[in-house]
Amino acid sequence: MVDEVTRQVVESQTRVQSQSDQMATTQQAIQAAEETLRLTQARKEFAVGAVLETIQAEQDLTRARLDYLNALAEYNKAQYGLHKAIGGLSAATPSFSPKPKPKP
């Protein structure tokens, strides 16, 4: 049992670190895409660049932002898994139930 718990904690910690690295990589991709878009828009202003270049740069930035959000979601899942593996969550964690609205 101890070996199983240890394995789960190690795997969860490794996943958290991996997802953290992925988030850093996607943040760098966002910065690069933002810079590319800025340069592309400047080229367009001086009538050197085409409209298609700007559209592609915008698509690249959107894709980079989506990749970051996906990495963030996976990171949160990994943190939850680690928290669960180290015993931070009980097996009978209550589910969310909204508070009833008071009657007037």
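The values are calculated or read from the model by the stated rules, or taken from the named source; none is laboratory data. This one's a predicted model, so the numbers in the text were calculated from it and none came from an experiment. Note that we place each Cβ from the backbone using ideal geometry, even for glycine, and neighbour counts take in every protein chain shown. Just the protein is used for accessible areas: all its heavy atoms, side chains included, with ligands, DNA and RNA removed. Shrake-Rupley method; radii C 1.70, N 1.55, O 1.52, S 1.80 Å.
Computed on the Cα atoms alone, the convex hull of segment 1-85 gives a volume of 59 cubic angstrom per residue. By accessible area, using a 1.4 Å probe on protein heavy atoms only, segment 15-65 has 51% of its surface on carbon and sulfur. Between Q79 and T6, the distance separating the two model label sites (each 7 Å from Cα on the Cα→Cβ line) works out to 2.8 nm.
How far, in nm, would the chain grow between R65 and T25 when pulled straight, counting 0.36 nm per residue and subtracting the alpha carbon separation? The partial results should precede the final answer.
Numbers: separation 40, 0.36 × 40 = 14.40 nm, distance 1.15 nm.
Here the answer is 13.3 nm.
Using the Karplus relation 6.51 cos²θ - 1.76 cosθ + 1.60 with θ = phi - 60°, the per-residue 3J(HN,Hα) values for segment 20-34 come to 4, 5, 5, 5, 4, 5, 5, 5, 5, 5, 5, 4, 5, 5, 5 Hz, with x marking Gly and Pro.
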